[in-house]
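Q: My structure is below; once you've seen it, I'll send some questions.
The values are calculated or read from the model by the stated rules, or taken from the named source; none is laboratory data. Quick caveat, the model's predicted, so the values are computed rather than measured. Counting neighbours? That spans all protein chains shown, and the Cβs are built from the backbone with ideal geometry, glycine included.
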Ligand SMILES: [Zn+2]
């Protein structure tokens, strides 16, 4: 039986067109669902490549989409909330505030940057203020070389995760770890992640001054 090459080429082109059409529809749907543009979506997909527990990755994903239920979101819905960030008790709690602006969290980042020997985690090395959480995170991780990114990804995921857990502890359990206690908790968790295979450096020292509640 003779094979008609022209028909095969046409079938191939049609299948490729159909595939591109489906991908376009999928991207459009994701843009509508997430509110992100194409490049932000590309950044979001990289979250799943970095080392972190499944629960932490899911949390980071919802954080990047700013879908975590912080006080500003609860206010918008008319739901009961405490208004103030439970970590510093000075500002309205928003996702950006908790992770990129809160004086308590900034101290945690500063200490852990020294402890892990990762300068990129120092707030003084971050990009300009006023960025969305996703822009901040992509700036933090995206500016690194590929080998550095493998280390920065899990370290930043872990710190975000532990800051969020401390925030929840204060709101839902009415308990709080002292500042140094939280640093020890992050170090212990880093040890667990490292044993599980995460490329997180060993904590050898702490640096900087502790958080001053004022
Ligand atoms: Zn705060």
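Q: So if I check each of 152, 159, 171, 163, which one is out of contact with any strand residue (DSSP E or B) (no Cβ under 8 Å at 6 or more places or on another chain), assigned to a helix (DSSP H, G or I) and surrounded by fewer than 17 Cβ atoms within 10 Å (Cβ to Cβ)?
A: Only one candidate qualifies: 171.
For (1) away from the ligand (no atom under 11 Å from the Cβ); (2) part of a helix (DSSP H, G or I); (3) in contact with a helix residue (DSSP H, G or I) (Cβ under 8 Å, 6 or more places away or on another chain), each residue gets a yes or a no:
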residue: 88; (1), (2), (3): no, no, yes
residue: 98; (1), (2), (3): no, yes, yes
residue: 106; (1), (2), (3): no, yes, yes
residue: 109; (1), (2), (3): yes, yes, yes
residue: 120; (1), (2), (3): yes, yes, yes
residue: 131; (1), (2), (3): yes, no, yes
residue: 136; (1), (2), (3): yes, yes, yes
residue: 140; (1), (2), (3): yes, yes, yes
residue: 148; (1), (2), (3): yes, yes, yes
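Q: Something else about it: When you look at residue 144, is it in a loop (DSSP other than H, G, I, E, B) and farther than 24 Å from residue 89 by Cβ, yes or no?
A: Against the criterion (in a loop (DSSP other than H, G, I, E, B) and farther than 24 Å from residue 89 by Cβ), residue 144 qualifies.
Q: Could I ask something else about it? Give the range 74-85 a look and list any residue that's assigned to a loop (DSSP other than H, G, I, E, B) and either at positive phi or more than 8 Å from the ligand (Cβ to nearest atom) (or both), or say none.
A: Within the range 74-85, 78, 79, 80, 81, 82, 83 qualify.
Q: Which pairs have Cβ atoms under 6 Å, sit 6 or more apart or on different chains, and link a residue in the range 85-107 that is under 16 Å from residue 183 (Cβ atoms) and without any contact (Cβ under 8 Å) to a residue 24 or more places away in the chain to one that is part of a loop (DSSP other than H, G, I, E, B) and more than 9 Å from the ligand (Cβ to nearest atom)?
A: none
Q: Out of curiosity, is residue 71 assigned by TED's automatic domain parsing to the domain that holds residue 181, within 11 Å of the ligand (Cβ to nearest atom) and surrounded by 19 or more Cβ atoms within 10 Å (Cβ to Cβ)?
A: Criteria met by residue 71.
Q: In the set 66, 40, which member is at pLDDT below 90, surrounded by 14 or more Cβ atoms within 10 Å (Cβ to Cβ), within 17 Å of the chain's Cα centre (by Cα) and part of a loop (DSSP other than H, G, I, E, B)? Write out each step before concluding.
A: Values: 40 fails: part of a loop (DSSP other than H, G, I, E, B).
Checking each option against the conditions leaves just 66.
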